[in-house]
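So the structure is just underneath, and the comments pick up after that.
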Amino acid sequence: MEKFMERYGSEVKGVISGWDRIAFRGTMRWLSSPRGMATYLSKRSILLKDYAKWVSSLTDRIRRGCDAVADLLGIRRLYLRRSAVDKDDLARGIAKERSIQTGPICMFSVVEPSWSPTVVGSRQSRRLEMEMRLRKCIWIYFYFNDARLGFGHVRLQTWAPFGIKGNLNGRHWLEPRLIEAGIPYVKQDNSFRWIADPVRAQALMDAQLRTDWRSLFEGLVDQYFPLLRGLFPDGPMHYYWSVDESEWATDLMFRNTATLDRLFPMLARHALTVSDSASVMRYLGHIGPNATLPGRVTGDIRGDRRRRYEGLCVKHHVGRNSIKAYNKAGNVLRVETTINASRAFKVFRAANDTTGRAPTWLPMRKGVADMERRSRVSQAANQRYLNALAAASTNETVLEIVQEACRRTTRNGRPVRALNPFGPHDFHLLRFLTQGQWTVNGLRNRDLAHWLDPNADSLSLPERTRLSSRASRLLGILRAHGLIRKVPRTHRYTVTHKGARIAALIIAASTIDGQTLVEKAA
């Protein structure tokens, strides 16, 4: 995020990046599919007609065992009549009421929907068969404020396949470590408004990346659901641990709230205006820096701007993954990458983790084995997005920014015409500069030629030569006005900060209707 910090670093007193919310899942893979469950029942000599009775007996044991654990821990047990109740707020209220600083807080029982192997009668075969169906069952929640992990919860599905889910928060996880290290801080909800030593705090956040996730989740199971180890007489079932959803947040702590309140509306408008579909895919690393948008994209790509109770939020979606920016806790600008569909990204590994096989780029798994790669992908997305925001116009007026480019200038002693930003040809040229792919590897004559004529490859040789000459003249004009600069000893150019700002401002101004512009100016 060098470009962003180069421009706004004097207004920022600290930056930390790391996990925000981690929604994890434990799956007994043998029991989590109709075929696997049918195989297990056959091995145990349990008939399909007796399946419901067998599962009910296990459910009763689980609920009695959870009640016993809650009583042993001395925490309150509550049955919730509505699954939509805010369980986090309820648990925090109980912790405050009972003055619980650390340790287990409470246990909730609530009916919620879940996918389960179910025995049904088949009209075609006239036999009982196993299939996955959405049904309701009791889920047991244990809330805690762990001395090491902070506030979170873990919950168990009491009906087959006995899945485990839970939520941890990296910011809550950091707080006990700041206290242990003696670093003063001010925290509001799940964000830090001020940290006395952000560099040391970032080092503590980085330590989360070295977590043994499997041991961490297994420890929670042993603490709150110990009966699972003896639930199956032929040996304990092992859980496969994965991450359903992860949020990686970069928080920039501004020195005062007024500065962020002034900046963020302009940053949000800029983000929505210049972030077209291809740019959003580049933020998330779905396409390369020089690649064009694929002809066919799975899922939708969209952006939206909405007002939250704390302020504005601008969010861009690519399928089930997203990146967003919003102001939080008054003085915190948060950029956050959310990964729900991990297979949209790549990881360099051997297939099936087979020793001796040559590694290659493969889809990222949900399993905890790829957590470090998930963090790197998310951090890179946040950095690309912040650097794109650095081009937003937040200080000078429109006239102050663009007037120099609207005047004639000289280059190598020769006169160069002024730009006409709102003329159709120069407007198209400035739009070329806002394309996100030039921020990494720069642009070339060939790139501009394809921008001017998308059918450049099918032109005859004389026509391609004329198009290349035209692109060269336009590059010379952009260089003369300081909007691009040549990379030494290459045929590439990079967009300057001045060029990015002017281009982004003109594109943004072109989207505002006249009445709104007059009202804003008034």
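The values are calculated or read from the model by the stated rules, or taken from the named source; none is laboratory data. Treat the numbers as computed from the prediction; the structure is a model and nothing was measured. Positions of Cβ are backbone-derived with ideal geometry, glycine not excepted, and every protein chain shown enters the neighbour counts.
Within the range 236-264, the set of residues being among the hydrophobic types (A, V, I, L, M, F, W, C) and free of Cβ contacts under 8 Å to residues at least 60 places away in the same chain comprises just one member, 258. Within the range 337-368, the set of residues being surrounded by 17 or more Cβ atoms within 10 Å (Cβ to Cβ) and assigned to a helix (DSSP H, G or I) comprises 342, 344, 368. What about residue 456, is it at pLDDT 90 or above, surrounded by 13 or more Cβ atoms within 10 Å (Cβ to Cβ) and more than 25 Å from residue 269 (Cα to Cα)? Taking the combined requirement at face value, the residue does not satisfy it.
How about the range 1-79: which helices (runs of 4 or more DSSP H) wholly inside it have at least 3 residues that are in the same structural domain as residue 260 (by TED's automatic domain parsing) and in contact with a helix residue (DSSP H, G or I) (Cβ under 9 Å, 6 or more places away or on another chain)? Break it down into steps so the answer makes sense when it comes.
On the way: elements: 2-8, 34-43, 51-73.
Once the helices (runs of 4 or more DSSP H) in the range 1-79 are filtered for at least 3 residues that are in the same structural domain as residue 260 (by TED's automatic domain parsing) and in contact with a helix residue (DSSP H, G or I) (Cβ under 9 Å, 6 or more places away or on another chain), what remains is 2-8.
If I ask for residues that are surrounded by fewer than 19 Cβ atoms within 10 Å (Cβ to Cβ) and part of a strand (DSSP E or B), which ones from the range 87-109 would you list? Across the range 87-109, the qualifying residues are 103, 109. Looking only at the range 431-460, which residues are within 27 Å of the chain's Cα centre (by Cα) and in a helix (DSSP H, G or I)? Listed by number, the residues that qualify are 433, 438, 439, 440, 441.
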